[in-house]
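Chemist: Just dropping this structure here.
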């Protein structure tokens with residue numbers, strides 16, 4: 001799969017480079033704003049959706065094997081579109097009929113890439129949300145033990161015996177997984 | 001169940017002995033439930049680790065994006081005929097909210113309001129322990145239903161048999177704080193701070209909140225300033241200091 005020349009926008013995001021990011025805004029923000037405002041949103045909504053879409057794309061681009069094989073604009077539009085649809089559903093609009101933005105060329109590769117980006121984003125958010133709902137003690141022991149240090153060090157840092165820390169970690173993982181399985185979105189996001 | 005996830009985690013960490021590793025993989029080949037559990041733990045570890053690793057980069061990028069956005073978005077709502085009725089409802093809702101806030105401010109003393117804003121008790125989860133006495137599940141249920149008197153009674157019954165149980169101690173302190181038994185709560189939190197453990201940071205934070213709720217702002221502020229920069233409540237402590 002070959003890299004599209006627009007990969008420079010991805011690189012600007014990955015390096016947090018102001019000139020490249022300013023160019024992304026100057027070239028694409030206006031159209032996304034028109035799209036959101038044409039679909040029951042405001043300029044503030046468009047600004048938030050645009051920002052979240054760029055963050056999501058950057059997270060996806062950090063993953064090994066990511067290749068931008070389509071125009072950045074088409075990819076960005078589809079990610080913004082998916083996020084705005086989700087937001088409209090969250091706001092419980094009964095029927096969501098989208099008025100598409102003009103000026104964007106439909107590209108098959110962009111559709112596949114955007115779908116996979118939105119899926120990964122939704123699944124990451126789900127895991128993060130379930131983790132944040134655990135008790136502080138569980139969050140602490142999981143974050144320490146999954147940060148790459150040994151259980152001996154984890155138990156020493158927490159002032160617990162090794163066997164108790166190990167048992168506690170096992171219980172916390174069990175709780176995390178059981179809550180994940182019970183989440184309504186878990187099956188939808190398989 | 002207790003050991004299952006510890007074994008899975010050890011397997012993923014490469015921490016099993018050669019014999020245990022071989023036995024685990026043999027079981028994996030014939031046990032679909034184990035394979036599913038392994039896949040779920042692997043995914044949780046990968047996604048959460050990635051999120052923790054990305055946190056600093058995400059925050060820096062978010063700042064850049066926020067700054068860039070101010071030049072390109074006009075911060076004006078789209079005016080649409082269909083939205084006028086919705087705006088009216090929003091205006092009514094906003095007015096009612098302001099009235100509710102005014103009523104709350106008039107009837108609730110300031111320390112209690114600030115305390116309520118910062119008090120985010122963790123969920124109690126004692127029933128996870130194998131062989132836990134019955135008083136612990138009762139305490140967990142009562143605490144999570146905000147029955148702090150009931151939870152405290154069950155926790156104290158349990159602590160009479162196992163006074164060193166840190167979880168039970170911490171949650172008994174929270175119950176005492178909620179029941180305005182400040183001195184008793186602080187005594188429990190002090191025990192938890194005497195040696196490093198999973199609840200030390202929480203105990204320090206809630207000791208500060210106990211002074212706040214009691215109306216002793218200087219004592220609260222003094223403790224907040226002692227919270228180290230890498231503790232669990234550092235950001236909230238800074239914010240609370242600003243509020244004070």
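The values are calculated or read from the model by the stated rules, or taken from the named source; none is laboratory data. All of these numbers come straight from a predicted model, not from anything done at the bench. All Cβ positions, glycine included, derive from the backbone under ideal geometry; neighbour counts span all protein chains shown.
Chemist: Only one residue in B:23, B:6 is over 16 Å from residue A:127 (Cβ atoms) and within 7 Å of chain A (Cβ to nearest Cβ), so which one is that? Even if it seems obvious, please write down each step before you answer.
Modeler: Numbers: B:23 fails: within 7 Å of chain A (Cβ to nearest Cβ).
The unique qualifying residue is B:6.
Chemist: Additional query: Can you work out which of the residues in region B:48-80 that are facing another protein chain (nearest Cβ under 7 Å), farther than 20 Å from residue A:17 by Cα and modelled with pLDDT of 90 or more is surrounded by the most Cβ atoms within 10 Å (Cβ to Cβ)?
Modeler: So the residue we want is B:48.
This table checks each residue for (1) modelled with pLDDT of 90 or more; (2) assigned to a helix (DSSP H, G or I); (3) more than 7 Å from chain B (Cβ to nearest Cβ).
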{"position": "A:121", "(1), (2), (3)": "yes, yes, yes"}
{"position": "A:125", "(1), (2), (3)": "yes, yes, yes"}
{"position": "A:129", "(1), (2), (3)": "yes, yes, yes"}
{"position": "A:134", "(1), (2), (3)": "yes, no, yes"}
{"position": "A:148", "(1), (2), (3)": "no, no, yes"}
{"position": "A:155", "(1), (2), (3)": "yes, yes, yes"}
{"position": "A:165", "(1), (2), (3)": "yes, yes, yes"}
{"position": "A:168", "(1), (2), (3)": "yes, yes, yes"}
{"position": "A:173", "(1), (2), (3)": "yes, yes, no"}
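Chemist: Quick check on residue B:115: is it more than 14 Å from every other protein chain (Cβ to nearest Cβ), closer than 22 Å to residue A:138 by Cβ and outside any loop (DSSP other than H, G, I, E, B)?
Modeler: No; evaluated as a whole, the condition is false for this residue.
Chemist: Of all residues in region B:149-168 being within 27 Å of residue B:220 (Cα to Cα) and buried (at least 21 other Cβ atoms within 10 Å of the Cβ), which is modelled with the lowest pLDDT?
Modeler: B:167
Chemist: One residue is enough: does region A:26-33 have a residue meeting the conditions within 25 Å of residue B:56 (Cβ to Cβ) and either facing chain B (nearest Cβ under 8 Å) or in contact with a strand residue (DSSP E or B) (Cβ under 8 Å, 6 or more places away or on another chain) (or both)? Write out each step before concluding.
Modeler: Step one: filter region A:26-33 for residues within 25 Å of residue B:56 (Cβ to Cβ), giving none.
Taking every residue of region A:26-33 in turn, none turns out to be within 25 Å of residue B:56 (Cβ to Cβ) and either facing chain B (nearest Cβ under 8 Å) or in contact with a strand residue (DSSP E or B) (Cβ under 8 Å, 6 or more places away or on another chain) (or both).
Chemist: Within region B:222-240, how many residues turn out to be closer than 18 Å to residue B:116 by Cβ and modelled with pLDDT of 85 or more?
Modeler: Residues that pass the stated criteria total 3.
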